[in-house]
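These notes are about the structure you will find just below.
The values are calculated or read from the model by the stated rules, or taken from the named source; none is laboratory data. Note that the structure is predicted; figures quoted are calculated from it, not measured. Virtual Cβ from ideal backbone geometry, glycine too; neighbours counted across all protein chains shown. To get the accessible areas, we keep the full protein, side chains included, count just its heavy atoms, and leave off ligands, DNA and RNA. Shrake-Rupley method; radii C 1.70, N 1.55, O 1.52, S 1.80 Å.
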Amino acid sequence: KAGVTQTPRYLIKTRGQQVTLSCSPISGHRSVSWYQQTPGQGLQFLFEYFSETQRNKGNFPGRFSGRQFSNSRSEMNVSTLELGDSALYLCASRLPETGELFFGEGSRLTVL
Amino acid sequence: EDQVTQSPEALRLQEGESSSLNCSYTVSGLRGLFWYRQDPGKGPEFLFTLYSAGEEKEKERLKATLTKKESFLHITAPKPEDSATYLCAVQDYTNAGKSTFGDGTTLTVKP
């Protein structure tokens, strides 16, 4: 069974640009959530999508947005990038009836 | 707001030297407590779910236990390949889709 796939794995952007990250969940998993991981803040919840609807949102500014498609694939977008957005962005999928998350390997974003 | 605190921040053990990692939590209504392992440059890997106080789960050299305020991850006779960062997370019933993570314990096992 294929795991969670995230693309791209690495990317470098400059301040003010925008970025889109993609996530393909495990087959059959309809819930997809996104987390930001930094050395100083640890793993912080961004948002969760289920059946194309955002069900939960963390405490991040509106520059961070996401969406989910009918095949459960998800994208997250960060607009007007700031230096502090440099982080590992992790996508995770799960079965709705269980809580355990299955993570992808992440997209490492560097903002210069 | 849910909170998770892990200690110690870092732990260095000799191969075969058993120890425990601590995860203290506050949550309005615990839906589940989760342990993950994260290797450098990779996403966290699920290890255990604990649902209620008194519950225990085991996997190879790892054993997770749960009380009403904390969870322990016991590592028995660790090997160098157990070196990783171990993360604890909680979910509550009001926000089932959101996991709140601790900052992790980085374990180094020397041969």
Accessible area buried at the B-A interface, both sides summed, 1.4 Å probe (Å², nearest 100): 1500
Percent carbon-and-sulfur accessible area, chain A, ignoring ligands, DNA and RNA, probe 1.4 Å: 48
Sequence-distant lysines (8 or more away, or on other chains) whose Cα lies within less than 16 Å of residue B:59: B:79
Overall Cα dimensions of chain A, principal axis frame, Å, largest first: 39, 26, 26
Cα centroid separation, segment A:1-43 to segment B:1-40 (Å): 24
Solvent-accessible area of residue B:81 with every protein chain in place, 1.4 Å probe, in Å² to the nearest 10: 110
About the Cα centre, charge dipole magnitude for segment B:33-95 (Lys/Arg +1, Asp/Glu -1 at Cβ), debye: 60
Accessible-area composition of segment B:71-111, carbon plus sulfur, in percent [1.4 Å probe]: 54
Peptide ranges B:1-14, A:21-34 listed from the most packed, as the mean C-beta count within 10 angstrom indicates: A:21-34, B:1-14
Charge dipole (debye, nearest 20) of the protein assembly as shown; +1 at Cβ of Lys and Arg, -1 at Cβ of Asp and Glu: 520
Size of electric dipole in chain B: Cβ of Lys, Arg +1 and of Asp, Glu -1, about Cα centre, debye, nearest 20: 80
Accessible area (Å², 1.4 Å probe, nearest 10) - residue B:31: 50
Residue mean of other protein chain beta carbons inside 10 Å, B:99-110: 3
Sequence-separation-based contact order of chain B, relative, with Cα cut under 8 Å and 6+ spacing, percent: 38
Per-peptide average of other Cβ atoms within 10 Å, ordering B:95-102, B:63-70 highest first: B:95-102, B:63-70
Spatial separation of Cα centroids for segment B:68-95 and segment A:83-108, in angstrom: 18
For chain B, accessible area per residue (1.4 Å probe, heavy atoms of protein chains only), Å²: 49
